[in-house]
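A.B. asks: Encoded as structure tokens, here's the structure I'll be asking about.
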Amino acid sequence: MLTEGTIKTPEQISHMREAGDIVARAMINCGKKLQSGVTTGEVDNFLREFIEKEGAKPAFLGLYGFPATACISINEEIVHGIPGERKLLSGDLISIDCGAIVGGMYSDHARTFIIEDSSDEDKNKLISVADNALQIGIKNSIAGNKIGIISNSIEEYVLGQGFDVVREYVGHGIGSQLHEPPSVPNFGKKNEGALLRVGMAIAIEPMVTEGKWQTKVMDDKWTVVTKDGKLSSHFEDTILITEDGPEILTKASI
Ligand code: MG
Ligand code: MG
């Protein structure tokens, strides 16, 4: 069984750059439209239209039977929330996870936003720890490193900040499939996991919880929530391993 990531060709890399740029711009523009009263279904429609207008395909729509363009998860929901009629409220934490396909190649990207009232320090801290955890993971995405260096650095940082990281859902290799080997956990030992090589691409995605890391899946069979009902934040970027270090593919060109 293939446990290491595939090495991408220059053509595949250029498609992945474009898929990453489109989803990053979709996310930035979507973030500006978030306010109380907007439904998660409206957020999803915006992302779908943006991605399609750019000539790409929404990566999640229909994948494994998922019914929407984005996974939208609110407050204690961690990942895989299904967009619908739910209206956003001031002070909600909204995690949006979205991907695009260009030339058969995938991007995968997630951000957490606070709706309107962003005065709550605990919520801001949770979001900044999840974002910083991702940045630490990216910094360690160097050819010759084992995945465990990424995993261990994220875990140590998040636990040191008094938060926890989800264990049942992890980052992954990415390319002509959304989910490819290797696994990229947000916890573990430094000397574990696949060796990073130039030309591999991985999605790093720390899911940081205010309380404990244990999760459960709701009756809709998709939405993953914290077991203790406490808040969660999710940040994700698609990263290419290059000779010069990590390149963030889910980065907006303009
Ligand atoms: Mg994702
Ligand atoms: Mg992912």
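The values are calculated or read from the model by the stated rules, or taken from the named source; none is laboratory data. Bear in mind that the values here come from a model prediction, so they are computed numbers and not experimental data. For neighbour counting, all protein chains shown are included, and Cβ atoms are generated from backbone atoms with ideal geometry for every residue, glycine included. Calculation scope for accessible area: heavy atoms of the full protein, side chains included, ligands and nucleic acids excluded. Shrake-Rupley method; radii C 1.70, N 1.55, O 1.52, S 1.80 Å.
A.B. asks: Please find, within segment 200-223, the residue that is surrounded by the fewest Cβ atoms within 10 Å (Cβ to Cβ) out of those that are within 16 Å of ligand 1 (Cβ to nearest atom) and closer than 16 Å to P185 by Cβ.
C.D. replies: For segment 200-223, the residue satisfying everything is T215.
A.B. asks: Does at least one position in segment 171-184 carry a residue that is in contact (Cβ under 8 Å) with a residue 24 or more places away in the chain, open to solvent by less than 30 Å² (accessible area, probe 1.4 Å) and farther than 22 Å from A70 by Cα?
C.D. replies: For segment 171-184, residues in contact (Cβ under 8 Å) with a residue 24 or more places away in the chain, open to solvent by less than 30 Å² (accessible area, probe 1.4 Å) and farther than 22 Å from A70 by Cα: present.
A.B. asks: Continuing with this model, one more query. Give me the residue from segment 137-166 that is hydrophobic (A, V, I, L, M, F, W, C), outside any loop (DSSP other than H, G, I, E, B) and farther than 27 Å from I94 by Cβ and, out of that set, most open to solvent (accessible area, probe 1.4 Å).
C.D. replies: Once the filter is applied, the top-ranked residue is I149.
A.B. asks: I've got another one for you. Could you grab me the full set of residues in segment 224-254 that are open to solvent by 10 Å² or more (accessible area, probe 1.4 Å), within 18 Å of the chain's Cα centre (by Cα) and charged (D, E, K, R)?
C.D. replies: E247, K251
A.B. asks: Could you check L134 against (1) part of a strand (DSSP E or B); (2) closer than 28 Å to H15 by Cβ and say which number it fails?
C.D. replies: (1)
A.B. asks: Where in segment 51-112 are there strands (runs of 3 or more DSSP E), lying wholly inside it, with at least 1 residues that are within 15 Å of the chain's Cα centre (by Cα) and not small (G, A, S)?
C.D. replies: It comes to 70-74, 77-79, 93-98.
A.B. asks: Name the single residue that is most open to solvent (accessible area, probe 1.4 Å) among those in segment 15-40 being of a type outside the set (A, V, I, L, M) and under 16 Å from H234 (Cβ atoms).
C.D. replies: Among residues in segment 15-40 that are of a type outside the set (A, V, I, L, M) and under 16 Å from H234 (Cβ atoms), the one most open to solvent (accessible area, probe 1.4 Å) is G31.
A.B. asks: Being within 15 Å of ligand 2 (Cβ to nearest atom) and outside any strand (DSSP E or B) narrows it down to one residue among W222, W213; which is it?
C.D. replies: Residue meeting the stated conditions: W222.
A.B. asks: Still on this model: Give the residues of segment 55-75 that are open to solvent by 60 Å² or more (accessible area, probe 1.4 Å) and touching a residue at least 12 places away in the same chain (Cβ under 8 Å), sorted by residue number.
C.D. replies: Within segment 55-75, G55, K57, L61, P67 meet the criteria.
A.B. asks: Can you spot a residue in segment 56-75 that is away from ligand 2 (no atom under 16 Å from the Cβ) and closer than 24 Å to D131 by Cβ?
C.D. replies: Scanning segment 56-75, I find at least one residue that is away from ligand 2 (no atom under 16 Å from the Cβ) and closer than 24 Å to D131 by Cβ, so the answer is yes.
A.B. asks: If you scan segment 174-208, which residues turn out to be part of a loop (DSSP other than H, G, I, E, B) and within 12 Å of ligand 2 (Cβ to nearest atom)?
C.D. replies: I174, Q177, L178, H179, N186, E205, P206
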